[in-house]
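Structure, as structure tokens:
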Amino acid sequence: MPSTLQFDPTSLAKYGRLALVARNAVEGFLTGVHKSPYKGFSVEFAEHRQYYHGDEIRHIDWRAFGKTDRYYIKEYEEETNLKAHLLVDASGSMKYQGKHGSKFHYAQYIAASLSYLMLHQRDAVGLATHDTKIRQIIPPKANSKHLLRVLNALQETEPGGETGLAPLWHQLAGQFKRRGLVVILSDCFEEVGPLLRALRHFRFRRHEVLLFHILAPEEIDFPFKKWTQFRDLEISGNKMLVDPQRLRRDYQQNFQKFCNDLRNACGQAQVDYHLMRTDEPVDKALGIYLTKRQRRR
Amino acid sequence: MFFAQPWMLLGLTALVIPIIIHLLNRRRYEIIDWGAMQFLQISKVTRRRLFLEELLLMLLRMGLIGLLVLALAGFFTSFDWLARLQPRPNRDVVLIFDGSSSMNYTGGGKTPQDAAKEWAADFVHDLTPGDAVAVFQARQQVVPVLAEPSRDLIRLVPQAVHDIVRPGGGCDLPAAVQSANAVLGKSERSERDIIVLTDGQRFGWSDPAAMQRWEQLARQLGAGKPHGASGPPPRLWVVNVDPHRDPDPPNWSLPPLRVNRPVVPVGREVTFHTDLTIHGQNAYTPPYSLSLEVDGELVRRLEPPRASALAKGKIPLTFTHRFVNEGSHLVSLVLEPDAPGAVSRDTVPDDNRQDFAVEVTPTLPVLIVDGDADPAPKRRGAWSLRDALAPQGDATPAVKARVVSIKDFDATLLTGGMDAERPRVLILCNAAALSKPQDEAVEQFLADGGGVLTTLGGRVDKDEYNRQLFREGHGWLPAKLVSIEGDENRPTDAARPAAVSATHPALELFRNDPLGGLSDARFSRWWKTDVSAKDAAGERVATLKSPTADYSFLVERRYKSGRVLLCAVALDSSWGTNLTDLPAFVPLAHELVYYLAGARSAEFNLQPGQPIRYRLTSNAPPDGFRLQPPFGEEKPLGISQPSPGVIPARVTSPPRPTLVCDETRETGVYRLKTPDSRVAYYVVQSDPRESDLTASTDEERDRVAKVLPMQYQNDRDTILAARNPGEQRQEWWWVLLLGLVGLLCGEVWMTRRMLKAR
């Protein structure tokens, strides 16, 4: 764990004009870039329309009247605030450190970047770190000072302990009363069935769920050649001496099946699944994701 | 189960290498803290499969090493049932035909030679393709009919068997076996056979001389290992192609002729001696006829001896003849034991004829070197010898004697002039010493086949003789001079020639010593010579008896191509001897001279293999010479390059240009025709013992087999089926190597399969 959070706000500057667009519009009261289904008279001008009888006179654009000698009503897109909950998996398996750093660090970067981005857009961001139980939970807030708190919480978190995602997600789903955006950063090394039920719980609470499936390239490719003793990062004393070359095919079959199952489960639960490899730059990964979201808007 | 190289089994320790590598791999592992542990969990089936694959691969690699080690260790088994299943390995065979005249035995229908050819033809026919056969004929020299083993069992080998010439003379079977061993020593095959096809005759197989040869051969084979360092020695089979022959069949024969004078004067009577040798019969009845032929022409029929009792199976036979023409002549005695149509008392006709080549000269040139420096010729001591050999007043002397003083003696007297005028005999009469050129001239004369008679008298310088002429046995003088014995003032102590043993041809005339003969001679003084010393090169051929001891009278030595006789007295009237007054003196002088002149005549009656030597009169290339061997056509002699239809010959220069032909393996008469159409006869004489057809007893055969391991076996199938004990074993190295290749392929396949699975 580095002493300071390696979070470079400038790296996100280029994404400042990008909009994190929720697949479904979420109502909120903080003005942001999220489009509200209700057009109103808030901050951002949307369009002019002809004045009809019954419209309030205060909405008439007198400047346009002065130029055109016609009555136009100014319409604004009403920006809503977004409550985003960042759930960061801090279990022992996230501590795996391949060539490109640990998965937990990678999750930290993503969480910090998203926090900054969201707060920059005046969305409320909350944070929950956990292993088998919740380590720390920060309720969502949208003020600029909140970023520092989130970042401090991320920085102070040390990964460790066993993974127990599904019960914990159920617990959090119960706690998040108001619907919002739940961003999950985890390797999800757990049985897919319980995970699916937990995700469905979020969706039942009408949360938009983004699942960043964070994996190290080594976990995907299993490139080891020499005899290797794999020591469990979560359960002390659990180790296995294997010839990786002999085991690779079976491992990859197991792993691919797990990923496919998880992806399918996310599809079933209408959860945005995104595989994040730790060898991909964080900003690039976010960019790809946000661009993709924007295209789907 | 055995191993040819058991020490290679130490390589089996390498079997642990795959295990060690496996264990080392497991020990040298990396440690990784890993999160996705649940994906490392594989099913039991997969785990078992992986374990089995690992185990199988390791066993494959161990098997590779094991098979390699076993193959290198030469793993073999010795199961009889497996040996029977195996095809008989190819073999190299040398067939040795007994080439002695006994193979022409006619008492049993077909001759043993024909039976041997038949046996060999059937044997070759039964050989398998790939077998190789060489063919030798064992005569008195080994004749390689097919020198190297040939695999052409259809044409070449049967032709070689067919081409074997008619046997004749004796045979040297041990030499043939030795040659066959040398041939098979070059063979790489483990199955090698030497098959001797013989008739079971004792002579040549188990007689004392043959036993000595076998023992010598056994020692050579044991020490030199000519059969090759690897593999067992060749099997030696002895096939009796005439097993039902009478153990002592009847046979008449003539041993080689002997003559008292090898050099015969024209018009002088020459006596020939031989015997009628009769085997297998106890009583003698005269033969049907005895014929004397000269140069192939019948001269006369001889009266057969009338003896009634057989002495050791021999009837002595003597006849005389006078030659009217000089030159080379062939004397042949032909025996016909049985009248035509009569019951045969003779089963081997080949030994009923004897030939002898004689050289007839008009006069015999003799050079007498007198050691007396007295200028008055009549007082020279050598004069008595000259008078004895060529009396003055004899218009046609048999000997042309010339006397020179020791001072005038030089090499030109021995080598100068026409060939007919060159002396055949040199007599050194009581010379004090020879100068070095004179000594060298004598040596050269001897090398050219001359004869030298050295008489010792009072002038002889003992020290000079011993130092220069004897040279501790390396010089031409036959014996070392010790001292002058006797006293002229004490005639009672005089020495006299002892009774002649008569075995020596030069003294045969004096065997039945008449009155006034040689034994009446008295010598008051004589030289004592030492023939018993280690370095003595000569042999005493006549003895002087004094009242106190025996001394050498005549000592003989062969030196190079010549002969030397050393006489202990001066052969003149000095020292008060009565020899010159005795009637025996003149015959003695003639006999000694003719005997010494015969040194060269031994070149006309040869042993098998001994070369024909013809003295050329000039250094010009000897073109136009032709030779007719005993069998076959007359062919030209080829000097330069060997070519078909030409008998190879060569020319040796020192001391005189001589035409030499080595092709004298066959016994019989060789006729050398000179460019001027003269004929020189050469006779290669057969061994008379070959006429004794007595068969070897079982005990004698076993004795030979103990000396040199061999098997007496007449059954062809047994010989064909024989294998070396070492061949009963089955070599498995090739199977192991095949297995090794198979395992290697399996290992590669499995490794690739496992790599693909990764």
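Quick look at the numbers
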{"read-out": "Distance-filtered residues of the stretch B:555-586 - backbone nitrogen under 12 Å, label point 7 angstrom along B:Asp394 Cα→Cβ", "value": "B:586"}
{"read-out": "Residue-span extension gain [B:Asn578 to B:Gln41] - 0.36 nm each, minus C-alpha spacing", "value": "179.8 nm"}
{"read-out": "Among B:His329, B:Gly450, A:Ala64 - extreme Cα towards positive end, dipole of the protein assembly as shown, charges at beta-carbon", "value": "A:Ala64"}
{"read-out": "Long pairs among A:Lys225/B:Lys44; A:Lys99/A:Lys141; B:Lys436/B:Lys462, criterion Cα-Cα beyond 26 Å", "value": "A:Lys99/A:Lys141"}
{"read-out": "Chain B: angle of helix B:16-27 to the longest principal axis, Cα-based, in degrees nearest 10", "value": "40"}
{"read-out": "Filter on B:Lys560/B:Lys635; B:Lys117/B:Lys314; A:Lys95/A:Lys133 - keep pairs with C-alpha separation over 22 Å", "value": "B:Lys560/B:Lys635; B:Lys117/B:Lys314"}
{"read-out": "Beta bridges per DSSP with both ends in the protein assembly as shown, % antiparallel, nearest 5", "value": "55"}
{"read-out": "Extended-chain gain in nm, criterion 0.36 nm per residue less alpha-carbon gap, B:Val324 and B:Ala373", "value": "13.6 nm"}
{"read-out": "0 to 90° range, to nearest 10: angle between helix B:733-757 axis and chain B longest Cα axis", "value": "30"}
{"read-out": "Förster radius 45 Å - calculated FRET efficiency between B:Gln159 and A:Lys226 (Cβ-Cβ, nearest 0.05)", "value": "0.05"}
{"read-out": "Near-label residues of the stretch B:317-337 by backbone N, under 11 Å of a point 7 Å along Cα→Cβ of B:Ser291", "value": "B:333-336"}
{"read-out": "Folded to 0 to 90 degrees: helix B:698-707 orientation relative to chain B principal axis, Cα", "value": "70"}
{"read-out": "Relative exposure of B:Phe523, B:Phe97, judged by other C-beta atoms within 10 Å (fewest first)", "value": "B:Phe523, B:Phe97"}
{"read-out": "Exposure proxy ranking, count of Cβ atoms within 10 Å, fewest first, for A:Lys225, B:Lys312, B:Lys480", "value": "B:Lys312, A:Lys225, B:Lys480"}
{"read-out": "Beta bridges by DSSP in the stretch A:66-152, antiparallel share as percent, to the nearest 5", "value": "50"}
{"read-out": "Distant-in-sequence amide H partners of B:Arg268 (H built 1.01 Å from N, under 5 Å)", "value": "B:Phe323"}
{"read-out": "Column: log10 I(q)/I(0), Debye, Cα scatterers of chain B, q = 0.06, 0.07, 0.11 Å⁻¹", "value": "-0.55, -0.68, -1.24"}
{"read-out": "Label-point gap, in nm, between B:Asp493 and B:Thr412 - each point 7 angstrom along Cα→Cβ", "value": "4.8"}
{"read-out": "Spin-label model distance (nm) - B:Leu82 vs B:Gln5, 7 Å beyond Cα toward Cβ", "value": "1.9"}
{"read-out": "Where GluC sites (Glu not before Pro) in DSSP loops with at most 15 other Cβ within 10 Å are excluded, longest remaining stretch of chain B", "value": "B:189-487"}
{"read-out": "As computed over the stretch A:144-224, the Cα convex hull volume per residue (Å³)", "value": "137"}
{"read-out": "FRET efficiency for B:Leu52 and B:Asp126, using Cβ-Cβ distance with R0 set to 60 Å, rounded to 0.05", "value": "0.60"}
{"read-out": "In order through the stretch A:257-263: 3J(HN,Hα) via Karplus (6.51 cos²θ - 1.76 cosθ + 1.60), integer Hz, x for Gly, Pro", "value": "5, 4, 4, 4, 4, 5, 4"}
{"read-out": "Antiparallel DSSP beta bridges within the stretch B:364-601, percent to nearest 5", "value": "50"}
{"read-out": "Cα-based equivalent ellipsoid of the protein assembly as shown: semi-axis lengths in Å, sorted from largest, via gyration tensor", "value": "132, 34, 27"}
{"read-out": "Ranked A:Met94, B:Met37, A:Met276, A:Met118, criterion: other C-beta atoms within 10 Å, fewest first", "value": "B:Met37, A:Met276, A:Met118, A:Met94"}
{"read-out": "Under-5 Å amide H pairs with B:Trp237, H placed in peptide plane, nonlocal only", "value": "B:Ile194, B:Ile195, B:Val196, B:Gln711"}
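Rule-based calculations on the coordinates, nothing more; no lab input. Keep in mind the model is a prediction, meaning the values are calculated, not measured. Using ideal geometry, Cβ is built from the backbone for each residue, glycine included, and neighbour counts are taken over all protein chains shown.
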